[in-house]
Every structure is written in structure tokens, then in C-alpha cells.
């Protein structure tokens, strides 16, 4: 009692001590994890910090707009945007780039430019309409307006970057001299004789060509930029997937087969017999399907190409009221009843679009009259040679998809096509041609084929693993994990004994979330990078798709490639260098014939080889050898050359110079287009390679 009395007297003090300890614990944890807003950053670029709270808010906003994307995918996308923003901000500032209202609206146009609300009569983005929308939004939906306004700094930054990149592209040009050099590389041809001794003539097991780990490391250090690698983890993964067993499949099939028999059910205290799916009145089919199938009733008429490929012929052969199945269609047991057939349900049509200025989405400058005249010319060609329409579409159509599909589409009455286009396709017989005008321009059309359609009713149920199967898989994975931990035996050996497969998952980065063969499992990556996880550790992770047993195989620090990977890519290079020394000892002589005799080889000839395509027939690409051939005078013999696939010695016969072009304009335009294409990405990557980037995203998700 005395003790209790003492405790009561000091209860306030005890509560205060406990509270202080809890506060210290919380503060310690916050400080350790960096949760005070002043020190919480996902990384930095050249000393500029990227705050976590702002970063995470941008990720959340992006996920709202892209609901199918995972957090990791979105975070990677936002991270690249943030890095580029910092890298270009300093460049734009030094260049004195400023943006106005029109520039900002131009960036908005890239994302909402096809929204009908903001298009003018010509189908172009109307800045005034977008401005009116924003002004109205400020009153009608202040929350959305504020969200748009909060993104304005990002939009302005993007506009500045685009101006900078545009200036870069404008400054990229090809000189006539460069065009002439490119033409020579592609068109001048070298003819030469050679003696070739492949590296494969020296056995890989020869002690003289054995490559040590240190030699691989030394080679990679000499070529550090080429073989640099970020920190990563190598894993061994066993995925015990929850797949349906044979018994699970049989159970679903039995259920589906049951619908082919009359069913007796108790309704309101009395029994009622429900006809089978094959015999019930057509008027009852829709309700029956919607009650029992995971595929709801659909009134669409399908062509053969739209039916399950493996079973299309059997379904098309059904008479109205007949049933086919059960059959396994993409993991679903299905029975299908024919409800009706419709001639000409789908039309295969080819078209050439000739747009004009002012037409929907048009970028051309021709007038409507000029477009009509061009279309009439194309129609005359098609009428003279019907098959010409595909070539005309690929070469001349203003429909962007025509390059890939030759302007061919399947048109159905229900499809979302331009009305005039659809009406012509649906109403016209096979072989008919004509010109149809729509909002997009003039369409030169030819009806290629008409296909019948069928309307079917299908009852389908997924083949899913049962609880018993899931439990058995869980037990199997748990047993594997315990055995691997207790016995310390390799996971690969234990998995093999259990009839399971080990999959390698190498070069997993700290910010990755996908495990090859398994899918998005961020928890696995977190575990692999935990300070507590050591090489050889094993852990089981339970997912919605099954259980994953993982072993940490290797920890690869930032630097050069891991040795195991180097043995695949670098080992052949270093080994061939040693083989070249051995081969050179055999290739003695002052002439090709003498060298061939000493090496036990023969003299061969290469003809019509260009620098742009340095392929030697029967050997492969050999840029060093071909380059030397172009550099030698006719009749001159080279020294020994260590090539891509062996050691060479060559004697140039002659160089066939291509005739001079009357103009370099075509090559200049091509090289300008190639050089400017993707320039922004290449430039951004160069900035990243030079920048000091600290990426700590992995600590936050």
C-alpha cells in the first residue's frame, strides 16, 4: 500500500517523464527520416534541392490525370521533368530568355489543343476561347482554376525550355562540305584483297588467352565512361503464382456445362424449371446472360476477325439458336449461342485523304479547289488501276495512319466515322469508287470488301484459383523460405527440388518497382536495399498474384559494371586482344600471298564496300578494315589490322568515286532533319551526364 501511495503522489511526474520520452522518440524518428519540411528533399541537381512535399504533390496530381500509372512510373516521369527543369533554368537565365502570355498559351495548346471547346471554325486552337474558359472557370470552379494557376510556373518553365531548344535546333545546320562527305561515305566504293584469320581459330581454353578478373576491371577502368554503372542489386526470384489447378479448371467447366441443361430452382416455396441456354426463348437470353456471365449481353454484330481466332469458324457456322462450347477463350470457359446474322455488317475501305487549308486538323496550304482537283486526279488513277489506291495512300494521303496501313479501315454502321465517309462505305457495293467530302477534306474511296456480321450471346466465367490452390501455394512458398533460411543451401537448389523455377532479376535500381517475371513489387526492392539485408538473405513476400521468395545475390556499388556482366560483354574484347597477338605471330610476310601461306589462310576479295555500310561479305561489319582500304593508295598493302572478328591484312585495288551530284540540297535537308530530330533529348542527356545529381527518391517510396 505504501508503494501505491508513493506512485499516486508522483503520478503527474511519471506522466511527464513518459510524455517526454515519447516526444523524444517521435522527434528522433522525425529527425532521422528528415520529416521536418526544411530538410526533406528527394534529391538535388547541381546543388538545387528538390523538396519532397512539392515533388509528391506533383506526382499525386499526375496520377489523378493518369489513373492507370503506378506511383513509381509517375515518380520517375516527374523526376525527369524536375531534373530537366533545373538543368535548363540556368541556361535560359544566362541566355536571357523570357516568355509572355502567347508562349504560355502555346504550351497549353499542346495538351488541350484538340479539345473542341477551344477550337475555332478552322479547327485550330483558339487562344481567345481558352482565355474565356479560364476567366469563366475562376468564378464557376475556383478550385480547378487554382489548380491550373498553381501549374503556371511549370508551364512558364516548359515554355522557356522549348524556346531554348528551338534556338538550338535553329543553330544546327549541315554545310555543303559535310553533305559531300556524307555522299562520298554512302556512294564511293572500295575494292580490295585481304587475308583474314578469325579470332575463333584460337581456342578459348588456351591458357595464353585466359582473362583474369583484374584484367577485366583494368580494361573497364580505362574505358570508364563506356562501362560505368549505377548502384544496383542482383536477385534470385522464385514466383509461386496463384494459377488455377486442373481441378479448378474442371470445376468452372462443370458450372458452364450446367447451363446447357434445364435447371430446377426453388422460387417462392415452389420449384421452377429453367430451360437450358440452348432451348430457352430468345427473349429470355439477355437476362439469363447478364445474370450468369462475366461478359454482359452485347447487341453488336461481329465480323469473323472480331471473334475469338481459334473458334471463329465454328461460331460462324452456327444456325440461329444453336450453341457452341464450352471452350476456353483467354482463360474463360465460354458457351456461345447464335442470335442472328447480318449481311454486310462491316465494310473494308481504302481511302486517300486530300486536305486543304481550313479543314479539320489540316496542316497543308492548298486551297479547297486545288484539293478537289488533286482528288479527281487520284480517282482517275484508281479507276484505271484499282490496286494503285494503297500506294497513293502511303505516298500522298494527309491521313497520318496511311503510311502504316495504306489507308485501309474497317467501317461499321456503329463506328465513330465522319458521317459522309461512313454513309458512302456502308451504302456502296464492293468495288465502288468515289470522292467524298468531309470536315477533314476530300476522300478518294474504294470499297475493298463487305463482311457479314453475327450477333451472339455468350456465358463466360473466369478460370480462377480456388482457396485450396491458393493455400497450397502459400504453404509451398513458406516451406521454401524456411528451408532456405535454416539450411543455408542455395535457393536455386532448393527450388529445383521443389519443382519450382528460379528467375534472375539483375541490375535492380533503388527506384525500380518492377521485378522481371513478377511485376510491380516495390516492397521487394525496398528489402533488397535495406541496410539490414545481406547477400544470401532470403525473404517471402505475399502478393495478390501469389508468393515471391527472393534471395539477395549481389550488391553492386556505383562504379564500373559488375564482374558477372563484364564477363558477358567485356571478356570477349579482352580475350580477342590476346588472341590477336597469337594470330599476328603466324601472319608473316611482305605480301598478301606470303602472309596467307604462313597463316594457312587464303587471299579473298571484297568489292563495292562503302564507309557508310562497312560490310565484308562472309565476314561481317569491319569499320577499321574498310576505313584503312579507303586510306590506302591503289596497289598498296596495309600492316596487320586487329578487326572486329579477326586479324586482317589488305591490299587496295581501287576506289570507285561516285559521280558528283548537281545539288547537295537533298542531303543537306536529310542531315538537318536527322540532326535536329531528337536534339532536345540528346542535349538533355549531355547536361545530365555533366551535372552533379543526387537521387534520393528511393528513401521516400
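The values are calculated or read from the model by the stated rules, or taken from the named source; none is laboratory data. All values reported here derive from a predicted model rather than from experimental measurement. In this analysis, Cβ positions are derived from the backbone assuming ideal geometry, glycine residues included, and neighbour counts consider all displayed protein chains.
Looking only at region 218-230, which residues are within 25 Å of the chain's Cα centre (by Cα) and either surrounded by fewer than 16 Cβ atoms within 10 Å (Cβ to Cβ) or modelled with pLDDT of 95 or more (or both)? 226, 228, 230, listed by residue number.
Only one of the numbered conditions (1) closer than 19 Å to residue 154 by Cβ; (2) at pLDDT 85 or above; (3) surrounded by 13 or more Cβ atoms within 10 Å (Cβ to Cβ); (4) out of contact with any helix residue (DSSP H, G or I) (no Cβ under 6 Å at 6 or more places or on another chain) is violated by residue 61, and that is (2). For region 381-430, a residue qualifies if it is within 13 Å of residue 449 (Cα to Cα) and under 32 Å from the mean Cα position of the chain (by Cα), and the qualifying residues are 408, 409, 410, 411, 412. All of (1) in a strand (DSSP E or B); (2) out of contact with any helix residue (DSSP H, G or I) (no Cβ under 7 Å at 6 or more places or on another chain); (3) without any contact (Cβ under 8 Å) to a residue 24 or more places away in the chain hold for residue 555 with one exception: (3). Pairing each residue of region 527-540 that is part of a loop (DSSP other than H, G, I, E, B) with any residue that is surrounded by fewer than 11 Cβ atoms within 10 Å (Cβ to Cβ), provided the two are 6+ apart or on different chains, yields C-beta distances under 9 Å for 536/488. Looking at 687, 611, 671, just one residue is at pLDDT below 95 and either in a loop (DSSP other than H, G, I, E, B) or farther than 23 Å from residue 181 by Cβ (or both), and that residue is 687. Hey, does region 559-572 have a residue that's buried (at least 20 other Cβ atoms within 10 Å of the Cβ), under 19 Å from residue 205 (Cβ atoms) and not assigned by TED's automatic domain parsing to the domain that holds residue 530? Among the residues of region 559-572, at least one is buried (at least 20 other Cβ atoms within 10 Å of the Cβ), under 19 Å from residue 205 (Cβ atoms) and not assigned by TED's automatic domain parsing to the domain that holds residue 530, which makes the answer yes.
Taking region 393-412 as the search range and keeping residues that are in a loop (DSSP other than H, G, I, E, B) and without any contact (Cβ under 8 Å) to a residue 60 or more places away in the chain, which one is surrounded by the most Cβ atoms within 10 Å (Cβ to Cβ)? My answer is 407.
The set of residues from region 306-326 being more than 33 Å from the chain's Cα centre (by Cα) and on the phi < 0 side of the Ramachandran plot comprises 313, 314, 315, 316, 317, 318, 319, 320, 322, 323, 324, 326.
Within the set 286, 294, 215, 241, the sole residue that is surrounded by 13 or more Cβ atoms within 10 Å (Cβ to Cβ) and closer than 19 Å to residue 337 by Cβ turns out to be 286.
For every residue, the table says whether it meets (1) more than 23 Å from residue 487 (Cα to Cα); (2) modelled with pLDDT of 95 or more; (3) crowded, with 17+ Cβ neighbours inside 10 Å.
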site: 501; (1), (2), (3): no, no, no
site: 504; (1), (2), (3): no, no, no
site: 509; (1), (2), (3): yes, no, no
site: 517; (1), (2), (3): yes, no, no
site: 521; (1), (2), (3): yes, no, yes
site: 527; (1), (2), (3): no, yes, yes
site: 536; (1), (2), (3): no, no, no
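In region 127-146, what residues are modelled with pLDDT under 80 and either in a loop (DSSP other than H, G, I, E, B) or touching a strand residue (DSSP E or B) at 6+ places or on another chain (Cβ under 6 Å) (or both)? Result: no residue meets the conditions. The condition of being in the same structural domain as residue 408 (by TED's automatic domain parsing), under 27 Å from residue 405 (Cα atoms), touching a strand residue (DSSP E or B) at 6+ places or on another chain (Cβ under 9 Å) and free of Cβ contacts under 8 Å to residues at least 40 places away in the same chain holds for only one of 364, 352, that being 364. As a summary of the residue check, residue 560 satisfies the conditions (1) free of Cβ contacts under 8 Å to residues at least 60 places away in the same chain; (2) farther than 19 Å from residue 238 by Cβ except for the one numbered (1). For region 674-684, the candidate set comprises residues that are surrounded by 13 or more Cβ atoms within 10 Å (Cβ to Cβ) and over 11 Å from residue 172 (Cα atoms); within that set, the residue that is modelled with the lowest pLDDT is 680. Restricting attention to region 310-338, the residues that are closer than 30 Å to residue 432 by Cβ, in contact (Cβ under 8 Å) with a residue 24 or more places away in the chain and surrounded by fewer than 20 Cβ atoms within 10 Å (Cβ to Cβ) add up to 1. Entry remark, region 120-143: residues being at negative phi and under 32 Å from the mean Cα position of the chain (by Cα) number 2 in total.
Quick check: is even one residue across region 95-110 within 27 Å of residue 690 (Cβ to Cβ), modelled with pLDDT of 85 or more and part of a helix (DSSP H, G or I)? Looking through region 95-110, at least one residue is within 27 Å of residue 690 (Cβ to Cβ), modelled with pLDDT of 85 or more and part of a helix (DSSP H, G or I). Against the numbered list (1) surrounded by 16 or more Cβ atoms within 10 Å (Cβ to Cβ); (2) in a strand (DSSP E or B); (3) touching a strand residue (DSSP E or B) at 6+ places or on another chain (Cβ under 6 Å), residue 437 comes up short only at (3).
May I ask you to list the residues in region 361-390 that are exposed (fewer than 15 other Cβ atoms within 10 Å of the Cβ) and not in a helix (DSSP H, G or I)? Listed by number, the residues that qualify are 363, 365, 367, 385, 386, 387. One residue stands out in region 451-467 among those that are surrounded by fewer than 17 Cβ atoms within 10 Å (Cβ to Cβ) and in contact (Cβ under 8 Å) with a residue 12 or more places away in the chain: the one that is farthest from the chain's Cα centre (by Cα), namely 452.
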